[in-house]
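Below you'll find the structure, written out as structure tokens, and then a few comments.
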Amino acid sequence: MIKSMTGFAAVAREDDLATLAVTIRAVNHRYLDLQLRIPQSLSGIESDVRALVAKRIARGRVELSLTLQLRQTPEIEVEFNDQFGRALEAAIEQARVRGLVTGALTPGDLLRLPQALSIRERPVAENGALLEMLASEAQQLVDRAITELDTMRSREGDHLRSDLDRRRAGVADLVERIAVAAEQGRAAMEQRLIERVNELRTILQADETLVAQEIARTAARSDISEETARFRGHIAHWTALADSEEPCGRKLDFLLQEMNREVNTMGSKADGLRVSELIIAAKAELEKMREQVQNAE
């Protein structure tokens, strides 16, 4: 299956407790390069998120951002500084013995002493039940974002395959035309050699069998039937890879290198009118295909 490596998805979920949002974007890369931005309070799900991405995406630079905004009113904690209280009590008792103060401390007295009480919001990290629920919802949201990203990549991949299939058919046709032109060139060269040998017979004496063998060997050097057969095999293999369920971008890239090597060999061996022109056209199409394959997963 041909999928594009590029894509984008953004999903969000909100309720009375919190708002969760996931943004994910993917671009071309030789391997899977995953960049995560997750709130510290949800850092415990990082390994699960990485596993979710790796399960669905084989190649590409993927940037995934998860944000959390709490809507719930934070719990307040009030803590009495016991050590300060004991020291304060001892000091007041000494003052009372000396007749400097009378009566007992009131709550208002404590509130006027900033060292006596500490008031703070309870961190989300300390609310285990809420964190567990948010972590579960965050993973579901990430999975949904990956699904939307995958849908976009598949849609882009369909357009990519249409273009590659058209170019593949064009290259296959060019190679068939090269084979025909090369065979005509081989036959013409063999005929030229025979005519030249016949001209030289009046001057030189030579063994007819050896001459015929040499002509056949010379003509065989321009035979590209093996290269043509291998190229046809590569075309068939291309179709099988594109139809499979596995990501095939790197395999198609390797296959294009092999196709290009076969066309280069054809160009160095084949002789005939228009062979060079057809070889150049085939190599140009293969280069365009290779550029496109760089976008395939």
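The values are calculated or read from the model by the stated rules, or taken from the named source; none is laboratory data. Computed from a prediction, not measured in an experiment: that's the story for all the values here. Backbone-built Cβ (ideal geometry, glycine too); neighbour counts: all protein chains shown. Remember, those area values only see protein heavy atoms, side chains included, never the ligands or the DNA or RNA. Shrake-Rupley method; radii C 1.70, N 1.55, O 1.52, S 1.80 Å.
Would you check if residue 86 is free of Cβ contacts under 8 Å to residues at least 40 places away in the same chain, open to solvent by 90 Å² or more (accessible area, probe 1.4 Å), closer than 18 Å to residue 143 by Cα and of a type in the set (D, E, K, R)? It is false that residue 86 is free of Cβ contacts under 8 Å to residues at least 40 places away in the same chain, open to solvent by 90 Å² or more (accessible area, probe 1.4 Å), closer than 18 Å to residue 143 by Cα and of a type in the set (D, E, K, R). Under the condition of being in contact (Cβ under 8 Å) with a residue 24 or more places away in the chain and farther than 16 Å from residue 157 by Cα, the residues counted in the range 231-246 number 4. Right, residue 169: without any contact (Cβ under 8 Å) to a residue 60 or more places away in the chain and more than 19 Å from residue 252 (Cβ to Cβ) or not? Taking the combined requirement at face value, the residue does not satisfy it.
Being farther than 21 Å from residue 48 by Cα, out of contact with any Ser or Thr (no Cβ under 9 Å at 6 or more places or on another chain) and surrounded by 14 or more Cβ atoms within 10 Å (Cβ to Cβ) holds for only one residue in 169, 116, and it is 116. Here residue 31 meets each of (1) out of contact with any Leu (no Cβ under 9 Å at 6 or more places or on another chain); (2) surrounded by 15 or more Cβ atoms within 10 Å (Cβ to Cβ) with one exception, condition (2). Scanning the range 12-28 for residues that are open to solvent by less than 40 Å² (accessible area, probe 1.4 Å) and either modelled with pLDDT under 95 or under 15 Å from the mean Cα position of the chain (by Cα) (or both) yields 18, 19, 20, 24, 26.
Contact annotation: residue pairs with Cβ atoms under 8 Å, 6 or more positions apart or on different chains, pairing a residue in the range 95-117 that is under 21 Å from residue 77 (Cβ atoms) with a partner that is open to solvent by 100 Å² or more (accessible area, probe 1.4 Å), are 117/79; 117/111. Between 274, 250, 261, the distinction of being touching a helix residue (DSSP H, G or I) at 6+ places or on another chain (Cβ under 6 Å), open to solvent by 60 Å² or more (accessible area, probe 1.4 Å), more than 16 Å from residue 168 (Cβ to Cβ) and of a type in the set (D, E, K, R) belongs to 274 only.
Of the helices (runs of 4 or more DSSP H) that lie entirely inside the range 43-144, those containing 3 or more residues that are modelled with pLDDT of 80 or more and over 30 Å from residue 246 (Cβ atoms) span 82-97. Of the residues making up the range 232-272, those that are in a loop (DSSP other than H, G, I, E, B) and either out of contact with any Leu (no Cβ under 8 Å at 6 or more places or on another chain) or closer than 30 Å to residue 185 by Cα (or both) number 7.
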